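Engineer: If you scroll down you'll find the structure; I have some questions about it.
The values are calculated or read from the model by the stated rules, or taken from the named source; none is laboratory data. All figures in this text were calculated on a predicted structure; none of them were measured in a lab. Glycine gets a Cβ as well: all are built from the backbone with ideal geometry, and neighbour counts include every protein chain shown. Please note that ligands, DNA and RNA were not included when accessible areas were found on the heavy atoms of the full protein model with its side chains. Shrake-Rupley method; radii C 1.70, N 1.55, O 1.52, S 1.80 Å.
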Amino acid sequence: MKGLELLSTVFWHLKREVELSSLAQRAVDFDRMAPESWCVVGNCFSLQKEHETALAFFRRSIQCDPSFTYSYTLSGHEYASNEDFDQALACFRNAIRNDDRHYTAWYGLGAIYFRQDKYDLAEYHFKKALSINPQSSVLHCHLGMAQHENGRNEEALETLACAFKVDPRNPQARFQRATIWISMDRPGEALKELEKVRDAAPREASVHFAMGKVLKRLGRPEEAMRCFLTALDLDPKDNNLIKAAIDRLDDPDVLEEDNPAF
C-alpha cells in the first residue's frame, strides 16, 4: 500500500480520472483500514471538484492513522481550493507537527501567505521547504516570486535562474523572470526570456500576449500585432484583454505588470 497516495497525486496532476478511479477501487478492495486507501479515494473526488466529499475521505484516512501526514497536507490543499484559509493553515500545521520535514506542508503554508499578500511569511515558508527539498524547481520559482513581491528583484532573478537550472523544462521560471524584467523597465531582457518560454510552450496564449506587450514597448508594433493575433487564435474565449491591447497598439506605452502566470 505504501506509495499509493503519491501515485494517486500523480494521476491527479495528469487529470487521469479513469486510472485514479480504478486505483481508488482497487485500494479500498485490498485494505479498507489502510490510510493510503482513503487518501486515494479523496484524491479521486478532489479531481472531480467534489471538495467536501474529498475532505471527508481525507478525514477518514486520518482516523485510520492519525500519524499519516500526507492526508493532512491534501486536506490543506482542499481547504485552500475552497478559500477556507484558516482550516487550510491548521491542516498544514498539523502535517508539520507530525513530520517537520514534510516540505509540501511548508510549501502549502507559503502558498496561502502569498495569496494573502503576506510576502515575508510566504518567503520564510518557501525557504523552509527548499531547505528540505533543494532540488525542487517549483519551490525555487515560488520563492523567487515572493522575493520579487518583497522588492528584491536581483535576488529574485537569481532564485528563478536556479529554478530552470534545476529543471530546464520549467518554463514558468523564465516567464516570471520576464515579468520582473518588465517591472524593472528592461523589455529587451524580458523579450529574450519570453522567446525561450514560447519555444517551450508555443500554444500558451499568455506568453504570446506578454511578448506582444513587450514588443510594443520596444517600438515594434507590427511584430506586437502578430503576437496579439496569435494569442487571440490560441485563446478566443478570453479575448477582451487581447482585443483591448490591439485597440491600444498605437497609444503611448505605459509601464504595466499584469502578466498572468500561464
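Engineer: Scan the stretch 217-239 residue by residue and report those that are open to solvent by 40 Å² or more (accessible area, probe 1.4 Å) and either under 16 Å from residue 252 (Cβ atoms) or not in a helix (DSSP H, G or I) (or both).
Structural biologist: 217, 218, 219, 220, 221, 235, 236, 237, 238
Engineer: In the list 201, 190, which residue meets the criterion of being farther than 19 Å from residue 111 by Cα, open to solvent by less than 50 Å² (accessible area, probe 1.4 Å) and at pLDDT 95 or above?
Structural biologist: 190
Engineer: Let me ask you something else. Which of the residues belonging to the stretch 95-112 are in a helix (DSSP H, G or I) and either of a type in the set (Val, Ile, Thr) or open to solvent by 20 Å² or more (accessible area, probe 1.4 Å) (or both)?
Structural biologist: 96, 97, 98, 103, 104, 106, 107, 111, 112
Engineer: I'd like the full set of residues that are outside any loop (DSSP other than H, G, I, E, B) and open to solvent by 30 Å² or more (accessible area, probe 1.4 Å), limited to the stretch 121-139.
Structural biologist: 121, 124, 127, 128, 131, 132, 138
Engineer: Only one of (1) within 23 Å of residue 98 (Cα to Cα); (2) open to solvent by 80 Å² or more (accessible area, probe 1.4 Å); (3) aliphatic (A, V, I, L, M); (4) in a helix (DSSP H, G or I) is not met by residue 18, so which one is it?
Structural biologist: Condition not satisfied by residue 18: (1).
Engineer: Against the conditions (1) among the hydroxyl-bearing types (Ser, Thr, Tyr); (2) open to solvent by 60 Å² or more (accessible area, probe 1.4 Å); (3) at pLDDT 95 or above, where does residue 81 fall short? Just the number, please.
Structural biologist: Here residue 81 meets the rest and fails (3).
Engineer: Right, something else. Residue under question is residue 51, and the condition is that it be touching a helix residue (DSSP H, G or I) at 6+ places or on another chain (Cβ under 8 Å) and closer than 18 Å to residue 139 by Cβ; does it hold?
Structural biologist: Taking the combined requirement at face value, the residue does not satisfy it.
Engineer: Listed residues 152, 60; which is open to solvent by 70 Å² or more (accessible area, probe 1.4 Å) and out of contact with any Gly (no Cβ under 9 Å at 6 or more places or on another chain)?
Structural biologist: Criteria check complete, one pass: 152.
Engineer: Among the residues of the stretch 21-46, what is the count of those that are in a helix (DSSP H, G or I) and open to solvent by 20 Å² or more (accessible area, probe 1.4 Å)?
Structural biologist: 8
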